[in-house]
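Each remark here refers to the structure printed beneath this line.
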Amino acid sequence: MAMKLNDIPIQKKLMRVILLTSGAVLLLTCASFFVYESITYRESTRSQLSTIGKIIATNSSAALAFDDAREGNEILHALLAEEHIVAAALYDVQGNLFSKYPDTLSAQEFPPAPGTDGYSFTATHLEGFQPVVQGGRRLGTLFIRQDMFAMYQRFQLYGLIALGVIAVSFLLAYFLSQELQKEISGPILSLAQTAGKVSQNFDYSVRATKVGNDEIGNLTDAFNNMLRQIEEQNRQITSFNARLEQKVRERTLELEVANQELLKKNDFVETILESSVHVIAVMDTQMRYTIVNKSFEQIYKIDRSEIVGRKYTEVFPQTVGSNIHQDIQKALQGTYVHNPNTRSAIIPGYFESHFVPLKEAGKVYSVLFILHDISNIMEANEKLKVANEELVKSNIELEQFAYVASHDLQEPLRKIQIFTDLVKSRRHEGEEASKYLEKIHASAERMTLLIRDLLSYSRLSRIEEGFVETDLNETMELVKSDFEMLIQQKGATIICPALPVVKGIPHQLGQLFANLISNALKFCQESPIIRITVEELSDSSRKLFPNLPGEEKYWVIKVADNGIGFEAQYSQKIFTIFQRLNDQKKYAGTGIGLAICRKIAENHKGTITASSIPGQGATFTIVLPVYSEVAIPKAAL
Amino acid sequence: MGVVWYALLFFSTIFSLRAQPEPTLEYKVKAVFLFNFTQFISWPESAFTNVDSPLVIGVLGENPFGTYLRETVAGEKIGSHPIVVEQYPELKDIKPCHILFIDPDFNHSLKEVPILTPNRGVLTVSDSPNFIKQGGMIRFYTVNSKIRLVINPEPARRAGLTISSKLLRLADIHVQ
């Protein structure tokens, strides 16, 4: 029942308002009437008592004047007619009690002496003192006391009347308001009912009934108007919805078709991506792989599940700072980068690379990069280059050879011509002629030697025999046995440590050492000492041989003699074909030997150098690759 | 009612400071009563020569009040008329007055009193027992040591006096 005033029905609210208002008015009216009446009544009671007092006082003047208490009593006794006067007394001019009424009341019940003239209300009574005066002379005082019973009776009556009036008025107000409030609440309730129906059934076709042209009437009109508008809008919304649905259906169909095409296209693109021989990948702005194709997986030997979503530099930390890394960064700035030839930092090989920034609204969101593996082409190129270099070299050599050959080979031919001319002219007889013939013979022999050496040199160039393991110790033994006679004749000493096993062509290596030993023996006047040493090429001495490729290990084998030596400026020249530093008559030779040595060293991916101080011997240094499959002999270390 | 007596005694002593022969208590009360009659009895205007001529209380014969009566009325007025006391030892001394107290020992008939003609407005008062029979108006008598009055209204009416009903209520009325 603890309903808030706002929540109670309007009917009750109206009733309450009316009843409260009328109740308040009635109460106020009755209260003021009551107050007015009580004040008036008190005043009238007082004045009544005062009148009675005056009458009694006037009447009792003679009694007082002539000291007749009996008469006084009699006069007071007249008050018996006034039932509410409960006590009265006369005091003489000295203030002594003279007469009292009623007789039964003891003197103590009265004031011991007269008080001030006038009437006043006490708690229970109205009482007063009235002067008794005759002819302007005061003869005494009358005391008179009235109970309030009459007044209370009167008040009670007033109260009862007021209650009755209030009750009747209230009832009347109740019934009247019950009827009258319908005038106001009826239309509101009917409007509320209609509104309820509308909101419950969503039926916007119903209309509220209008009762009058007051505010509720206006409200009803506005409500009906609103309903009409809602109905109209509903109709519009429904038709709009239908159109929208139709449009959505059409659009969905279009989208489906487009989607299908897109899927097809996507499939197509994916197929191209996957079947492409090029490495194709896409990275986002954080350099994370988003797409990689099959070629990518194959070339880098990595599964796409391991890299998609990860950072480029995280997957391949070795690429940080590489060319490709920089190119990707450039592409991320929005520049298309094409690099025709980049060495891969990840795998051995070369790529032609394209870095295409993918933009959306002018902003790079990804980089597409396409790598074309050109390692094979590069390799072929490299081979071609090497072949070309070799061709150029052999061409130069050939030119040189042609030049030198024409010169050196012509020389014995010219001698043969001269001496055959001399013999033909027959101007020389006998001894002399045979001397010429001998010379012709010697020239022919020399020619044969030249041609044999040339053949052997030219054959070196073309040799493509398979390399085999060759123990240089064995090779050295064969060379020593070949030169056994000469060594004995010259009284030479060969100091040779244990030599390594290398991969090579045994007879070429034999020829290399044979030529060097032969040279050392040749350019030594007496008791030659040939000292052979072997060591591994140290990092510090590697720079002395700039032509040696890469990181391979090499043996350094030195063959030193104590012969005539040569000027340092000829240390390169002596390896050129047909190059002789000394007189042919003193030191026989074709000038091909050292050229052959160089050729053999180069054939074995090594090199040969020479150093010397004239008169103090020469040292030839052969550098050959270490054959790693064979243990290095302990002696060599 | 001894209290009243004492009160009256006290009252009378105030007014008889100069009294030579002290009157009895009875006469002191009677003196006051005489004065009080002026309050309850009204005289015709013809009884006064003019508006401020005095109301005269005359005592015929021996004066039993001494100076007490004079003292009682001293300074009192009835309307605009001051009250004075006069003494008439003999009949010949009588002058026009308004209240005439006749000493009981005075041995003359009332008929001999010259001023007691109708409409002269003279109130006659006495103690003598035959006073009313002789045609007197008010007589004092004593019951239970209290002074009571007998009033004969007829001669008073004839004299032109009006006696207040309040006074009449107190008194015994003599009916002729």
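Taken together, the values in this text are just the output of simple stated rules run on the coordinates, not laboratory data. Nothing here was measured: the structure is a model prediction, and the numbers come from that model. Cβ sites come from the backbone with ideal geometry, for glycine too, and all protein chains shown count toward neighbours.
Values for this structure:
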{"item": "Separation between Cα centres of the stretch B:121-148 and the stretch A:1-55, rounded to whole Å", "result": "67"}
{"item": "Charge dipole magnitude, Cβ of K and R +1, D and E -1 - the stretch A:3-59, Cα centre, debye nearest 20", "result": "160"}
{"item": "Exposure proxy order (Cβ contacts within 10 Å, fewest to most) of A:M283, A:M148, A:M226, A:M485", "result": "A:M485, A:M226, A:M148, A:M283"}
{"item": "Rg and Dmax of the stretch B:31-153, Cα atoms only, in Å", "result": "13.7, 43"}
{"item": "Relative contact order %, the stretch A:464-637, counting alpha carbon pairs below 8 Å whose residues are six or more apart", "result": "25"}
{"item": "The stretch A:238-357, relative contact order [Cα under 8 Å, separation at least 6], %", "result": "14"}
{"item": "222 nm mean residue ellipticity, helices alone, for chain B (DSSP H n ≥ 4; -39,500 (n - 2.57); rounded to 500)", "result": "-8000 deg cm²/dmol"}
{"item": "Dipole axis of chain A (+1 Lys, Arg; -1 Asp, Glu on Cβ), positive-most option in A:W555, A:I291, A:V206", "result": "A:W555"}
{"item": "Of the DSSP H helices in chain A, those whose Cα atoms cover at least 30 Å axially and whose Kyte score averages -1.0 or more", "result": "A:10-59, A:149-201, A:215-275, A:375-425, A:430-462"}
{"item": "Amide H contacts under 5 Å for A:S60, placed H, 5+ residues apart", "result": "none"}
{"item": "Cβ-placed point charges (K, R +1; D, E -1), dipole of the stretch A:464-637 about Cα centre in debye, nearest 20", "result": "620"}
{"item": "The protein assembly as shown - charge dipole about Cα centre, Lys and Arg +1 at Cβ, Asp and Glu -1, debye rounded to 20", "result": "860"}
{"item": "Relative contact order of the stretch B:2-173, defined on C-alpha pairs under 8 angstrom at six or more residues apart (%)", "result": "20"}
{"item": "Local net charge near B:V29, Cβ-Cβ under 13 Å (Lys/Arg +1, Asp/Glu -1)", "result": "0"}
{"item": "Dipole of the protein assembly as shown, positive direction: furthest Cα of A:L368, A:V392, A:G186, with charges on the beta-carbon", "result": "A:V392"}
{"item": "Cβ-based net charge around B:G79, under 14 Å, with every Lys or Arg adding one and every Asp or Glu removing one", "result": "-1"}
{"item": "Potential extension, A:E37-A:A192 segment - 0.36 nm per residue separation minus Cα distance", "result": "50.8 nm"}
{"item": "Residue pairs, from the table A:K522/A:K543; A:K383/A:K558; A:K265/A:K301; A:K383/A:K605; A:K543/A:K605, whose Cα atoms sit over 25 Å apart", "result": "A:K522/A:K543; A:K383/A:K558; A:K265/A:K301"}
{"item": "Kirkwood-type radius of the stretch A:464-637, with distances r between different C-alpha atoms, in Å", "result": "16.5"}
{"item": "Considering only the protein assembly as shown, percent of DSSP beta bridges that pair antiparallel, nearest 5", "result": "80"}
{"item": "Alpha-carbon centroids, the stretch A:260-291 and the stretch A:546-573: separation in whole Å", "result": "58"}
{"item": "Fewest-first sequence of A:H278, A:H407 by Cβ atoms within 10 Å of each Cβ", "result": "A:H407, A:H278"}
{"item": "From phi via Karplus (6.51, -1.76, 1.60), per-residue ³J(HN,Hα) for the stretch A:364-372 in Hz, x at Gly/Pro", "result": "6, 10, 7, 10, 9, 10, 10, 10, 9"}
{"item": "For chain A, projected area of the alpha-carbon convex hull averaged over all directions, nm²", "result": "83.0"}
{"item": "Amide H contacts under 5 Å for A:I291, placed H, 5+ residues apart", "result": "A:V282"}
{"item": "222 nm mean residue ellipticity, helices alone, for chain A (DSSP H n ≥ 4; -39,500 (n - 2.57); rounded to 500)", "result": "-18500 deg cm²/dmol"}
{"item": "Global geometry of the stretch B:103-170, whether rounded, prolate or oblate, following the gyration tensor of its Cα atoms and the 1.5 cut on a/c", "result": "oblate"}
{"item": "Gain in span if fully extended, A:S456 to A:L5, counting 0.36 nm per residue against the direct Cα distance", "result": "149.1 nm"}
{"item": "5 angstrom amide H check on A:G565, placed H, neighbours 5+ away", "result": "A:G615, A:G617, A:A618"}
{"item": "Top positive-direction residue, dipole computed over the stretch A:276-373 with Cβ charges, set A:G349, A:Y300, A:Q329", "result": "A:Q329"}
{"item": "Candidate lysines - alpha carbon under 22 Å from B:K77, same-chain residues fewer than 8 apart omitted", "result": "B:K28, B:K30, B:K95, B:K166"}
{"item": "Estimated D of the stretch A:276-373 in µm² per second, where Rh is the Kirkwood radius over Cα pairs and Stokes-Einstein applies at 20 °C, 1.002 mPa s", "result": "162"}
{"item": "Part-to-part distance (alpha-carbon centres) for the stretch A:394-439 and the stretch B:31-58, which is given in Å", "result": "225"}
{"item": "DSSP beta bridge pairing in chain B, given as percent antiparallel to the nearest 5", "result": "35"}
